[in-house]
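> Dropping the structure in here first, questions after.
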Amino acid sequence: MDIPRHIAIIMDGNGRWAKKRLLPRFAGHARGVKRVKEIVEHCSGLGVKYLTLFAFGRENWKRPSEEVSFLMNLLLEQLGKEFLRLHENDVKIRFIGDRSRLEELICDKVNFIENLTKDNKKLNLNIALDYSGSYDIIQAVNLILAKGNHTQITEQIFEKYLLTYPDPAPDLFIRTSGEMRISNFMLWQISYTEMYFTSKLWPDFNKKALDEAIRWFNTRERRYGMTSEQL
Ligand code: FPP
């Protein structure tokens, strides 16, 4: 079976998972963390080289402030608890997004973890934090303008300024919870990504569910604009 080199996931449905059980939304996020660990481990075991997880979008700041702080604290706690284990497992962790609005404590931890794991090789784990696809594109444009040495750019040059550079584009995109939209995730990078939507809520998305998504990926014919016969 073909293992996708890069998988990108929108981990959606934590709130609904909790609501179904008459639990507070927080309980859904906490259960979601369990799945994050399971899926990261499974990807590493399968030989996936890049995994990008949408942990917190730029638009998520609009949530009730208690939920925003809960999510930030949860992240901080997990980063504190898990990063050494990930480091020991040769995982390179990178955070993609705008760092300017993050609390100092989180920002420090993010920088520390990136630096500690920068030479790791087994799995590249990107955590999208205060990220959006349109932000990614605009920050790239601003970097190019600030540099001021291009009068014209190409797609290849442009990509070098994206937050995900030098990672290859995702092969497989997964969104849980039945929503069928991109919600401003990686806009540029998914031009030829295979899109998998499942009604499973994120806290229920276990490694068997990931295997199923990968089996589906294997049924796809990736033509990149060509005809079947040309492949
Ligand atoms: C979407 O569910 C989920 C989020 C906005 C947060 C995702 C975060 C985690 C799974 C935990 C932290 C991550 C890491 C990397 C440790 P939702 O709240 O939108 O659910 P709903 O649509 O059912 O309300």
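A quick yes/no check of all residues on (1) closer than 30 Å to residue 181 by Cβ; (2) at pLDDT 95 or above:
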| residue | (1), (2) |
| --- | --- |
| 77 | yes, no |
| 93 | yes, yes |
| 111 | no, yes |
| 123 | yes, yes |
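> For segment 172-195, how many residues are open to solvent by 30 Å² or more (accessible area, probe 1.4 Å) and either under 18 Å from residue 3 (Cα atoms) or touching a Pro at 6+ places or on another chain (Cβ under 8 Å) (or both)?
Final tally of qualifying residues: 2.
> Among 190, 157, which is the only one that is at pLDDT 95 or above, over 16 Å from the mean Cα position of the chain (by Cα) and of a type in the set (A, V, I, L, M)? Talk me through it step by step, then tell me what you get.
On the way: 190 fails: over 16 Å from the mean Cα position of the chain (by Cα).
On inspection, the qualifying residue turns out to be 157.
> Counting just the residues of segment 214-229 that are closer than 15 Å to residue 192 by Cβ and touching an Asp or Glu at 6+ places or on another chain (Cβ under 9 Å), which one comes out most open to solvent (accessible area, probe 1.4 Å)?
Ranking the qualifying residues of segment 214-229, first place goes to 220.
> Something else about it: Is it the case, given these coordinates, that residue 73 is in contact with a helix residue (DSSP H, G or I) (Cβ under 8 Å, 6 or more places away or on another chain) and either within 11 Å of the ligand (Cβ to nearest atom) or of a type in the set (A, V, I, L, M, F, W, C) (or both)? It would help to see each step written out before you state the result.
On the way: in contact with a helix residue (DSSP H, G or I) (Cβ under 8 Å, 6 or more places away or on another chain): no; either within 11 Å of the ligand (Cβ to nearest atom) or of a type in the set (A, V, I, L, M, F, W, C) (or both): yes.
When the stated conditions are applied, residue 73 does not pass them.
> Can you name every residue in segment 20-36 that is open to solvent by 20 Å² or more (accessible area, probe 1.4 Å) and either under 22 Å from residue 186 (Cα atoms) or within 7 Å of the ligand (Cβ to nearest atom) (or both)?
Selection gives 25, 33, 35, 36.
> For residue 98, which of the numbered conditions (1) open to solvent by 80 Å² or more (accessible area, probe 1.4 Å); (2) more than 11 Å from the ligand (Cβ to nearest atom); (3) touching a residue at least 40 places away in the same chain (Cβ under 8 Å) fails to hold?
Here residue 98 clears every test but (1).
> Related question: Filter segment 51-95 down to the residues that are open to solvent by 70 Å² or more (accessible area, probe 1.4 Å) and under 18 Å from the mean Cα position of the chain (by Cα) and list them by number. Before you say what the answer is, go through the steps one by one.
Kept after step one, since they are open to solvent by 70 Å² or more (accessible area, probe 1.4 Å), are these residues of segment 51-95: 59, 61-66, 73, 77, 81, 84-85, 88-89.
Correct list: 59, 61.
The values are calculated or read from the model by the stated rules, or taken from the named source; none is laboratory data. As the structure is a computational prediction, the values presented were derived from the model and not from experiment. Every residue, glycine among them, receives a Cβ derived from its backbone with ideal geometry; neighbour counts consider all protein chains shown. Heads up: the accessible areas ignore ligands, DNA and RNA and are worked out on the full protein's heavy atoms, side chains in. Shrake-Rupley method; radii C 1.70, N 1.55, O 1.52, S 1.80 Å.
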